[in-house]
Amino acid sequence: MDFQNVGKQCKASLPVLTEALPLAIQRRRAVKQLALLAAGVCGLPSVVQAQVPTARPPLEVVVPMMKTLTAGAHVQESRVTLTIPLLAENGHLVPVSVSVDSPMTGSDYVKTLYLLSEKNPRPLIAKISFTPGCARASLTTRIRLAGAQYVVALAQMSDNSFWAASAEVVVTDTACLDAT
Amino acid sequence: MSVAKISLPKSVNRGESVAVRVAIQHPMETGYRVDNKGKLILKNTVREMNCLYNGALVFSAEMGSGIAANPYLLFYLVAKDSGLIQLNWVDDAGVKGTASALLTVV
């Protein structure tokens, strides 16, 4: 096969393409404007806004119990990783895993880790006490959840600073904790 | 009567982290359920669980009805010396339980 000729053929066909471009662009612009017009009429901007994840209310509002645990201290939302399924099919058994970024030395370690729930009749799920004898501030367990809600992990460090993470869980089959 | 099991790796190197898996057989009654005669079943959960490593307290957990039945916990300890990992727990009915496992550090 004559590759040189193939190349020439390609080059020859290029001007045809560039001639066609302005037309294509014109059509794209028209389509874009039509789409924008339609979006304006249908109120599309509000739909786009709804796709942006809605902001979670402050943690103290989600779990009022936090105020008593922290005694009003400032809670920073980092260093804590809360792993929980987005959709829990069974509220009686939801696997949850929490880890806190900490060196776990004698002078700097995670003292206490609280697992809190927004809608359970008893918001305190568990209170875990770590020591420097723990290799890492990490816990995996299985919890009960009464309905779709936020789950919050609150960690108190040895310097009494508070760190937290939260996650929203959708529960299909609720654990009937309050006999409803 | 509740039974507990501690799962540990066969052996660990000194200074490394050891995954300790604990499973306690317990109904973790919430106190919101009724029996077949309509009588409320009393809340009975494993209230507190302590983990001792060679006699020193290294980890403890206070649990409530938010922990699923047959509580399972996974946590990590620093392997210092070969020895006993002991679990002590007590539930709301005052029933105490204990379990232990030997950790081999090489």
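Descriptive notes on the structure:
- Interface size B-A, as summed buried accessible area [1.4 Å probe, Å², nearest 100]: 2400 Å²
- Once both labels are positioned 7 Å from their Cα atoms along Cα-to-Cβ, the gap between B:Val3 and A:Ser78 label points is 4.8 nm.
- Where labels lie 7 Å past Cα in the beta-carbon direction, separation of B:Leu40 and B:Thr104 in nm: 5.2 nm
- Sequence-distant lysines (8 or more away, or on other chains) whose Cα lies within less than 21 Å of B:Lys96: A:Lys127, B:Lys5, B:Lys43
- Normalised by residue number, the volume inside the convex hull of the Cα atoms of region A:59-173 is 85 Å³ per residue.
- Near B:Gly64: Cβ cut-off under 12 Å, other residues only, Lys/Arg at +1 and Asp/Glu at -1. The net charge is 0.
- For the segment A:137-145, counting C-beta atoms of other chains within 10 Å of every residue's C-beta and taking the mean gives 6.
- Backbone geometry of region A:80-97 corresponds, through the Karplus equation with coefficients 6.51, -1.76 and 1.60 at θ = phi - 60°, to 3J(HN,Hα) couplings of 9, 10, 10, 10, 8, x, 5, 10, 9, 6, 10, x, 6, 8, 10, x, 9, 9 Hz, x marking Gly and Pro.
- Cβ-defined net charge surrounding A:Leu87, 13 Å radius [Lys, Arg +1; Asp, Glu -1]: -3
- Derived from the Cα gyration tensor, the three semi-axes of the equivalent ellipsoid of chain B are 32, 11, 10 Å, largest first.
- Cα-projected label distance for A:Val170 with A:Thr68, points at 7 Å along beta-carbon direction, nm: 3.3 nm
- Entry note: region A:107-180 has Rg to Rh equal to 1.04, where both radii use alpha-carbon atoms and Rh is the Kirkwood radius.
- For A:Glu77, nonlocal amide neighbours, meaning residues 5 or more places apart or on other chains whose placed amide H falls under 5 Å from its own, are A:Ala164.
- Legend: calculated FRET efficiency, A:Glu60 to A:Ile25, from the Cβ-Cβ distance at R0 = 45 Å, rounded to 0.05, equals 0.25.
The values are calculated or read from the model by the stated rules, or taken from the named source; none is laboratory data. None of these values were measured; they are calculated from a predicted model. Every residue, glycine as well, gets a Cβ built from its backbone with ideal geometry; the counts of neighbours run over all protein chains shown. The protein model used for the area step is the full one, side chains on, heavy atoms only, and it has no ligands, DNA or RNA in it. Shrake-Rupley method; radii C 1.70, N 1.55, O 1.52, S 1.80 Å.
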